[in-house]
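J.: Structure in structure tokens, see below.
The values are calculated or read from the model by the stated rules, or taken from the named source; none is laboratory data. Worth saying up front: this structure is predicted, and the values here are computed from it rather than measured. Cβ: placed from backbone, ideal geometry, glycine included. Neighbour counts: every protein chain shown. Areas reflect the complete protein model, heavy atoms only, side chains present, ligands, DNA and RNA absent. Shrake-Rupley method; radii C 1.70, N 1.55, O 1.52, S 1.80 Å.
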Amino acid sequence: MAKQLQALRGMNDILPEETPPWRYLEETVRSVLSAYCYQEIRTPIVEPTALFSRGIGSGTDIVEKEMYSFDDRNGDSLSLRPEGTAGCVRAGIEKGLLYNQVQRLWTMGPMFRYERPQKGRYRQFHQISVEAFGMAGPDCDAELILLTARLWKALGLTKHVSLELNTLGTQDSRERYRTDLVAYLTRFKEALDEDSVRRLSINPLRILDSKHPNTRKVVADAPVLQDYLDENAKAHFDGLCLRLDEAGVCYTVNPRLVRGLDYYSKTVFEWVTQSLGAQGTVCAGGRYDALVELLGGKPTSAVGFAMGLERLVLMLKTLGLLPAHLSHTVDVALVSMGAQTQLMPLVERLRDNYPELRLQTDCTGGGFKAQMKRAHRSGAQFALIIGQEELNTGVVTVKSLRSDEPQAQVPESALADYLKQRIQE
Ligand code: ATP
Ligand code: MG
């Protein structure tokens, strides 16, 4: 026998029994997004490597360690997208969607990061990312947070997630802070871990995030960004908090919250849960007013977030929040004896008259008993029994598979209505 091949580590198959929960999540998100008038955009999975190194920042974990990059046949460096924002901004600039306009966009699909696979962390994973352009004030930040809060409510997750909020200030205040932070950290350079020493010149803010014990000790007394905020950033943050207070959204201000990507300024937020263990962030975002210009566009305000679908599906499953009807995929199972050629037109007429009906045929050619067994196993509510006699008389037998109701003889002309009245979700 030929050697079996396996999926790549950290890249999952989503099997038929798992796709209904995925679709349920995706459809719930889609309907909330459409209620807030966000429009879908789809961009390529492969982009020039430079888009990510410039957009996400060359000193970040993603670009330094996690990207799937390769040279294509003519020597250009390409990468599988590790996140959705950079591609969305690239498309927006290239197709003229951003300049002087308001845009509310979302995209959904697979992302790729070379990480150590574990529960809730994979090498191919899926995100829905939502981006809003052309709105500078805190209204839009608040709208995005309210939108996510509404989604949690629709999914029954409200009491299982909490919101953390911080501000990273404007570019200006961060520059001033960065200078002082570097001066401070340089004094303790000997105590810092290797990665942090390297980051000192490329991305010093990330050192605040270090897990290394000695570095953490040094960081504990470092200057804090909050003392450097300018009036503009402060007013923006206060404005956002006020809006959330008025709307009754609970949050915690977490001054240590810095996001893994370089492009954020002002608002950053994360929705976290205790239900997943270590990988507890299910949705993360913030404002990235500088990114459009950095990628070659005109200065454009922007704010957005991304949520990880694997973690949300896992949460819905673990907490038992998936609606029961998701596991039912068949309404009616057809049990047929002989005369397949006459049978098919009848079945097609039924499908014409009742297009939503989920009708499973039995194409195995097996006997009555075997077909009935399969009908029971399919989870269908009814079996439709059709043999030569039924075809001759035009009256079919409908047998309930979930109750003791006696079986009924229904003329074909009344069949669609008969089933419509009885099929429940
Ligand atoms: P983390 O701190 O967990 O690594 P991150 O800051 O790298 O997260 P983002 O880039 O902000 O994450 O991505 C947004 C969301 O996408 C995360 O909150 C998470 O839900 C999900 N996510 C990120 N990386 C992965 C992954 N490797 N596997 C599964 N989901 C992921
Ligand atoms: Mg990460």
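J.: Using a 7 Å offset from the Cα along the Cα-to-Cβ direction at both GLN407 and ALA154, what is the distance between the two label points in nm, to one decimal?
T.: The modelled label-to-label distance comes out at 4.3 nm.
J.: Going through the stretch 216-305, which GluC sites (Glu not before Pro) have at most 16 other Cβ atoms within 10 Å and a DSSP loop state?
T.: When the GluC sites (Glu not before Pro) of the stretch 216-305 are filtered for loop state and at most 16 Cβ neighbours within 10 Å, nothing remains.
J.: Can you check what the net charge comes to around ASP245, using other residues whose Cβ is under 14 Å from the Cβ of ASP245 (Lys, Arg +1; Asp, Glu -1)? If you can, show how the numbers build up before the last one.
T.: Values: positive: ARG243; negative: ASP141, ASP238, GLU246.
Neighbour charge sum, excluding ASP245 itself: -2.
J.: Can you list residues whose amide H is under 5 Å from SER301's amide H, if they're 5+ apart or on another chain and H is modeled 1.01 Å from N?
T.: GLY134, MET135
J.: Sticking with the crude label model, points 7 Å out along Cα→Cβ, report the distance from ARG377 to ALA278 in nm, one decimal please.
T.: 4.0 nm
J.: For the stretch 51-164, what does the alpha-carbon gyration tensor say about shape, rounded, prolate or oblate, given a ≥ b ≥ c as the root eigenvalues, a/c under 1.5 as rounded, and a/b over b/c as prolate? The partial results should precede the final answer.
T.: On the way: a/c = 2.38, a/b = 1.26, b/c = 1.89.
Oblate.
J.: Roughly how tilted is helix 412-422, in degrees to the nearest 10 and between 0 and 90, from the longest Cα axis of the chain?
T.: Between helix and principal axis, roughly 40 degrees.
J.: Then there is this: Once both axes come from the Cα atoms, what is the angle between helix 368-377 and the longest principal axis of the chain, in degrees from 0 to 90, rounded to 10?
T.: 30 degrees
J.: In addition: By how many nm would the segment from ALA136 to ASN100 grow when fully extended, if each residue of separation counts as 0.36 nm and the alpha-carbon distance is taken off? Write out the running numbers ahead of the final one.
T.: On the way: separation 36, 0.36 × 36 = 12.96 nm, distance 1.20 nm.
This chain segment gains 11.8 nm when fully extended.
J.: In this model, which of LYS95/LYS298; LYS65/LYS266; LYS399/LYS420; LYS119/LYS266; LYS189/LYS266; LYS119/LYS211 are farther than 23 Å apart at the alpha-carbon? Provide the component values of the computation, followed by the final result.
T.: Numbers: LYS95/LYS298 13 Å; LYS65/LYS266 26 Å; LYS399/LYS420 15 Å; LYS119/LYS266 31 Å; LYS189/LYS266 28 Å; LYS119/LYS211 20 Å.
Result: LYS65/LYS266; LYS119/LYS266; LYS189/LYS266 exceed 23 Å.
J.: Please give the helix 309-318 orientation as an angle from the longest Cα principal axis of the chain, in degrees from 0 to 90, rounded to the nearest 10.
T.: 60 degrees
J.: Still on this structure: Rounded, prolate or oblate: which fits the stretch 328-424, taking a ≥ b ≥ c as square roots of the Cα gyration tensor eigenvalues, rounded meaning a/c under 1.5, else prolate when a/b beats b/c?
T.: On the way: a/c = 1.32, a/b = 1.04, b/c = 1.26.
Rounded shape, in that the Cα axes give a/c under 1.5.
J.: So what's the net charge close to ALA370: Lys and Arg +1, Asp and Glu -1, counting the other residues with Cβ under 15 Å from its Cβ? Write down the numbers at each step before the final one.
T.: On the way: positive: LYS369, LYS373, ARG374, ARG377; negative: ASP362.
Value of the local net charge: +3.
J.: Could I have the simple spin-label model distance between LYS211 and ASP72, label points 7 Å from Cα toward Cβ, reported in nm to one decimal?
T.: That separation, rounded to one decimal, is 3.5 nm.
J.: At q = 0.06 Å⁻¹, what is the base-10 log of I(q)/I(0) for the chain according to the Debye formula with one equal point scatterer per Cα and no solvent? Please give it to two decimals.
T.: Debye curve over Cα of the chain, log10 I(q)/I(0) at q = 0.06 Å⁻¹: -0.37.
J.: Using the beta-carbon distance between LEU15 and ALA247 and R0 = 30 Å, what value does 1/(1 + (r/R0)^6) give for FRET efficiency, to the nearest 0.05? Mind showing how you got there, number by number?
T.: On the way: r = 39 Å, r/R0 = 1.31.
Here the calculated transfer efficiency is 0.15.
J.: For a label point 7 Å from the Cα of THR393 along Cα→C-beta, name the residues of the stretch 411-425 whose backbone N is under 19 Å from it.
T.: 411-416, 418-419
J.: Just ARG104, ARG73, ARG90 to compare: in a GNM of the chain, with alpha carbon springs under 10 Å, which one fluctuates most?
T.: ARG73
J.: So what are the ³J(HN,Hα) numbers for the stretch 203-215, from phi and the Karplus equation (6.51, -1.76, 1.60; θ = phi - 60°), rounded to whole Hz, Gly and Pro as x?
T.: Per-residue couplings from phi come out as 7, x, 4, 5, 4, 4, 8, 4, 8, 5, x, 5, 5 Hz.
J.: Let me ask something else about it. Please go through the stretch 322-394 and write out the trypsin sites (Lys or Arg not before Pro) that DSSP classes as loop and that have at most 16 other C-beta atoms within 10 Å. If you can, show how the numbers build up before the last one.
T.: Numbers: sites: ARG349, ARG351, ARG358, LYS369, LYS373, ARG374, ARG377; in loops: ARG358.
Answer in residue order: ARG358.
J.: For a quick check: with amide H placed at 1.01 Å from N, whose amide H comes under 5 Å from TYR354's, ignoring anything fewer than 5 positions away on the same chain?
T.: When sequence neighbours closer than 5 places are left aside, there are no close amide H contacts.
J.: What ranking of MET344, MET11 comes out by heavy-atom accessible area, probe 1.4 Å, highest first? Could you put the intermediate results ahead of the total?
T.: On the way: MET344 115, MET11 35 Å².
Descending order: MET344, MET11.
J.: Here's something else I'd like to know. May I ask you to derive the relative contact order of the chain, considering only C-alpha pairs under 8 Å and at least 6 residues apart, and to give it as an integer percent? Intermediate values should be presented prior to the final figure.
T.: On the way: 685 pairs, mean separation 65.3, N = 425.
Relative contact order, the chain: 15 percent.
J.: Separate question: Under a Cβ-Cβ cut-off of 9 Å, what is the net charge of the residues other than GLY87 that fall near it, where Lys and Arg count +1 and Asp and Glu count -1? Can you show the working numbers first?
T.: Numbers: positive: ARG81, ARG90; negative: GLU47, GLU83.
Neighbourhood net charge equals 0.
J.: Okay, next question. What percent does the relative contact order of the stretch 328-424 come to when contacts are Cα pairs within less than 8 Å and at least six residues apart?
T.: Numbers: 139 pairs, mean separation 31.4, N = 97.
Over the stretch 328-424, the number comes to 32 percent.
J.: Distance between Cα centroids, the stretch 43-84 to the stretch 199-217: provide it in whole Å.
T.: Distance between centres, Cα-based: 24 Å.
J.: Counting other Cβ atoms within 10 Å, which trypsin sites (Lys or Arg not before Pro) in the stretch 184-225 have at most 10 and lie in a DSSP loop?
T.: On the way: sites: ARG187, LYS189, ARG198, ARG199, ARG206, LYS211, ARG216, LYS217; in loops: LYS211.
The qualifying sites are LYS211.
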